[in-house]
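S.K.: Okay, handing you the structure first.
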Amino acid sequence: MTDPVLSVQGISKSFGAVCASDGISLDLRQGEIHAIIGPNGAGKSTLIAQICGGLRPDAGRIDFLGRDITGLSVPARARLGLARTFQISALAMEDTALQNAMLGALMPRGGRLGFFRPVLRNAALRDTAMQALERVGLADQAALRTAELSHGQRRQLEIAVALTLRPRAFVMDEPMAGMGAEGSRQMTAFLEGLREEAPILLVEHDMDAVFALADRITVLVYGRCIATGTVAEIRASREVREAYLGEDA
Amino acid sequence: MSREGWINAALYAGLLAVPLWAWLADEPFTITLATRVAILALAGVGLNIALGLGGLVSLGHAAFFGIGGYEMGILASHAQSYSPLMETPFLIEGTKSMPIIWLVAVLASGLAALVIGALSLRTSGVYFIMITLAFGQMFYFFAISWPAYGGEDGLSIYVRNGFPGLNTLDPIQFFAICFVLLSAALWLSARLAASEFGLALGAARQAPRRAETVGLSPYRLRLLAFVISGAITGLAGALFADLNRFVSPTMFSWQLSGELIVFIILGGVGRLFGPVAGAALFITLEHFLGGLSEFWHIYLGLLLLLVVLFARGGIIGLLAGRRVAHD
Ligand SMILES: Nc1ncnc2c1ncn2[C@@H]1O[C@H](COP(=O)(O)OP(=O)(O)OP(=O)(O)O)[C@@H](O)[C@H]1O
Ligand SMILES: [Mg+2]
């Protein structure tokens, strides 16, 4: 088997008395969707922030593409090809959907920013951005200001920005949050095909989506990783049911 | 052309037409007023790159304006007294040549912006405003307590600096110089705003976390914007000192930083011609209301209040509507 694309080894992080990550280890392999589930406040977003560089872990290390990235900044990790989407959309609201989608392609690995050429006349950049918008179904909204987009459309735009980065791995924090049933279904279908392009570490509360998509699932509770396994294994685990899934699973 | 484009063209034409008319009608004072507008607008165009594009509310841009002014004053005063600035380790003489003075002004204020920016940009929000204010005040007190160059009294330059082939003492010719430099700065500012850098800087302002996760460093983007911004404001300072043939610590005062912000708010934050509209309105009000009452600032304050409450995009926003992304 090949080396994992991303591997997290024994990460811990405390906020005062709250232990948000308690020795978490997991990995993301080529071609898979690895879902992370857990109740509110389990430490999922905190884990993602450490993987993507917003937070420094107190202990442990993170490898990406065979390289220790624990000490790298957020932009440096992004330039290596780690694409993140946010639980709460973080987009340039005054700019158009197209301008936002361009952002991911602005810094081709090791590249420099242009100062004089109008960015909207850069055909290559425009094409990349338009393709990404088409893929997430936002082509018709390209010229709209992001502030005018619906909540669901902003979630789609989040994904499009990540696509233009041409990443080696996706890290998505609740991409379906607040999307509605139909939106969730479409997003699920979209992510299904995306795993071929790059593996996805997926934090999600929507269990239908998780069970439909995930190759493996890791369950976090109070910052601890209580189980990792296939969908069938996780559904069968009594501990997981008690801690999180409840009766209906 | 968009509506904003037409408004900008009208403003631009107006700023050119008024002094031309005054020249034909032999009204040199009006030409000087228009020159003041052009220079202060230039300073505002500089600030607008930091404030409008970068979202950096600097209350210390007088530092760069003053550096430009003092740089001009120091070089010109040494030239008029025929004493070199320094002789060891190498000789530096004064100069009365505008192009050299401009170049040094841009470099000196850009360097100051690099240092001030590198330190201030580690903070944000109110702290950023306070720390830039503090830097500005530092320069102000330094200028007051520096007797070699006039201290509190300032420094007079007897003859305006020269530009090859022009008579800079002729008001209309000096206006032309300032107008050309303002045009160049507006062109640069428009190019920057529409460039990849402009898009990245805008993202760093509106969604810094997003900018980081696509591999951009908001800190470096802002620092670069701050340096370009400071350099342009510094150039305006050199011209302002040349217009008055006088430099004093008031060029470093926080009131001046405040006025530059007022221009931008009046004209429209982040609008290309916002500082031009704001500076023109400010000087016009100062001229007409200042003649009526010593307390004309009260009316200015009232106007500012109305703009902030009812016209968030300033005059340009009021007339042109929302900003649009253009090809
Ligand atoms: N910056 C912080 N300072 C202090 N405590 C924090 C901080 N960030 C997170 N926490 C705490 O760490 C724990 C984990 O939070 P986190 O946001 O990672 O949970 P989550 O699993 O993403 O929850 P949700 O499902 O609601 O998004 C919570 O108890 C939270 O209150
Ligand atoms: Mg979360």
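The values are calculated or read from the model by the stated rules, or taken from the named source; none is laboratory data. Note that the coordinates shown come from a computational prediction; the quantities given were computed from them, not determined experimentally. FYI the Cβ positions are ideal-geometry reconstructions off the backbone, even for glycines, and counts take in every protein chain you see.
S.K.: Give just the number: which of (1) among the acidic types (D, E); (2) under 30 Å from B:R323 (Cα atoms); (3) away from ligand 2 (no atom under 16 Å from the Cβ) does A:D215 not satisfy?
M.R.: Among (1) among the acidic types (D, E); (2) under 30 Å from B:R323 (Cα atoms); (3) away from ligand 2 (no atom under 16 Å from the Cβ), A:D215 violates only (2).
S.K.: Can we say A:L106 is over 18 Å from the mean Cα position of the chain (by Cα) and surrounded by 23 or more Cβ atoms within 10 Å (Cβ to Cβ)? Please lay out each step first, then the result.
M.R.: Values: over 18 Å from the mean Cα position of the chain (by Cα): yes; surrounded by 23 or more Cβ atoms within 10 Å (Cβ to Cβ): yes.
So A:L106 fits the description; yes.
S.K.: Can you say whether A:I24 is within 16 Å of ligand 2 (Cβ to nearest atom), assigned to a strand (DSSP E or B) and away from chain B (no Cβ under 14 Å), as far as the supplied structure shows? Write out each step before concluding.
M.R.: Working: within 16 Å of ligand 2 (Cβ to nearest atom): yes; assigned to a strand (DSSP E or B): yes; away from chain B (no Cβ under 14 Å): yes.
Considered against the rule, which asks whether it is within 16 Å of ligand 2 (Cβ to nearest atom), assigned to a strand (DSSP E or B) and away from chain B (no Cβ under 14 Å), A:I24 comes out as yes.
S.K.: For segment B:215-238, what are the residues that are facing another protein chain (nearest Cβ under 10 Å) and touching a Ser or Thr at 6+ places or on another chain (Cβ under 8 Å)? Walk me through how you get there before you give the answer.
M.R.: The initial filter retains those residues of segment B:215-238 that are facing another protein chain (nearest Cβ under 10 Å), namely B:215-221, B:224, B:228.
B:S217, the sole residue that qualifies.
S.K.: I need the full set of residues from segment B:146-170 which are in a loop (DSSP other than H, G, I, E, B), without any contact (Cβ under 8 Å) to a residue 12 or more places away in the chain and either surrounded by 11 or more Cβ atoms within 10 Å (Cβ to Cβ) or within 21 Å of the chain's Cα centre (by Cα) (or both), in order please.
M.R.: B:W146, B:N167, B:L169, B:D170
S.K.: Please specify each residue of segment A:133-180 satisfying the condition of being within 16 Å of ligand 2 (Cβ to nearest atom) and either farther than 19 Å from A:A209 by Cα or basic (K, R) (or both).
M.R.: A:R155
S.K.: What single numbered condition from (1) within 10 Å of ligand 1 (Cβ to nearest atom); (2) away from every other protein chain (no Cβ under 14 Å); (3) of a type in the set (A, V, I, L, M, F, W, C) fails to hold for A:L65?
M.R.: With respect to (1) within 10 Å of ligand 1 (Cβ to nearest atom); (2) away from every other protein chain (no Cβ under 14 Å); (3) of a type in the set (A, V, I, L, M, F, W, C), A:L65 is out only on (1).
S.K.: Ok, one more. Quick one: in segment A:42-58, which of the residues that are within 13 Å of ligand 2 (Cβ to nearest atom) and in a loop (DSSP other than H, G, I, E, B) is nearest to A:L82 (Cα to Cα)?
M.R.: Checked segment A:42-58; the qualifying residue nearest to A:L82 (Cα to Cα) is A:G54.
S.K.: Among (1) within 14 Å of chain B (Cβ to nearest Cβ); (2) away from ligand 1 (no atom under 13 Å from the Cβ); (3) outside any loop (DSSP other than H, G, I, E, B), there is one condition A:E94 misses while meeting the rest; what is its number?
M.R.: (3)
S.K.: Can you go through B:L304, B:L281, B:L256, B:L285 and tell me which one is assigned to a helix (DSSP H, G or I), under 30 Å from B:P147 (Cα atoms) and in contact (Cβ under 8 Å) with a residue 12 or more places away in the chain? Step through it out loud before you land on a result.
M.R.: Details: B:L304 fails: under 30 Å from B:P147 (Cα atoms); B:L281 fails: under 30 Å from B:P147 (Cα atoms); B:L285 fails: under 30 Å from B:P147 (Cα atoms).
Within the list B:L304, B:L281, B:L256, B:L285, the selection yields B:L256.
S.K.: Do any residues in segment A:35-60 that are touching a residue at least 12 places away in the same chain (Cβ under 8 Å) have Cβ atoms under 9 Å from those of residues that are aromatic (F, W, Y) and within 6 Å of ligand 1 (Cβ to nearest atom), where the two are at least six apart or on different chains, and which pairs are they?
M.R.: So the pair list comes out as A:T46/A:F15.
S.K.: Restricting the search to segment B:196-223, which residues are among the acidic types (D, E) and under 27 Å from the mean Cα position of the chain (by Cα)?
M.R.: Of segment B:196-223, the ones among the acidic types (D, E) are B:196, B:212.
Scanning segment B:196-223 gives a single hit, B:E196.
S.K.: Residues that are under 30 Å from B:G150 (Cβ atoms): which helices (runs of 4 or more DSSP H) entirely in segment B:1-103 hold 2 or more of them?
M.R.: Because the criterion is at least 2 residues that are under 30 Å from B:G150 (Cβ atoms), the helices (runs of 4 or more DSSP H) in segment B:1-103 that meet it are B:28-48, B:62-80.
S.K.: To continue, here is another question. Tell me the residue from A:A35, A:A101, A:A42 that is within 16 Å of ligand 1 (Cβ to nearest atom) and modelled with pLDDT of 95 or more, please. Quick ask: steps written out before the conclusion?
M.R.: Working: A:A101 fails: within 16 Å of ligand 1 (Cβ to nearest atom); A:A42 fails: modelled with pLDDT of 95 or more.
Going through A:A35, A:A101, A:A42 in turn, just one is within 16 Å of ligand 1 (Cβ to nearest atom) and modelled with pLDDT of 95 or more: A:A35.
S.K.: I've got another one for you. Only residues that are within 13 Å of ligand 1 (Cβ to nearest atom) and more than 19 Å from A:L201 (Cβ to Cβ): list them for segment A:172-186, please.
M.R.: A:G178, the sole residue that qualifies.
S.K.: Could you tell me whether A:A177 is in contact (Cβ under 8 Å) with a residue 60 or more places away in the chain, of a type outside the set (D, E) and surrounded by fewer than 18 Cβ atoms within 10 Å (Cβ to Cβ)?
M.R.: On the way: in contact (Cβ under 8 Å) with a residue 60 or more places away in the chain: yes; of a type outside the set (D, E): yes; surrounded by fewer than 18 Cβ atoms within 10 Å (Cβ to Cβ): yes.
Against the criterion (in contact (Cβ under 8 Å) with a residue 60 or more places away in the chain, of a type outside the set (D, E) and surrounded by fewer than 18 Cβ atoms within 10 Å (Cβ to Cβ)), A:A177 qualifies.
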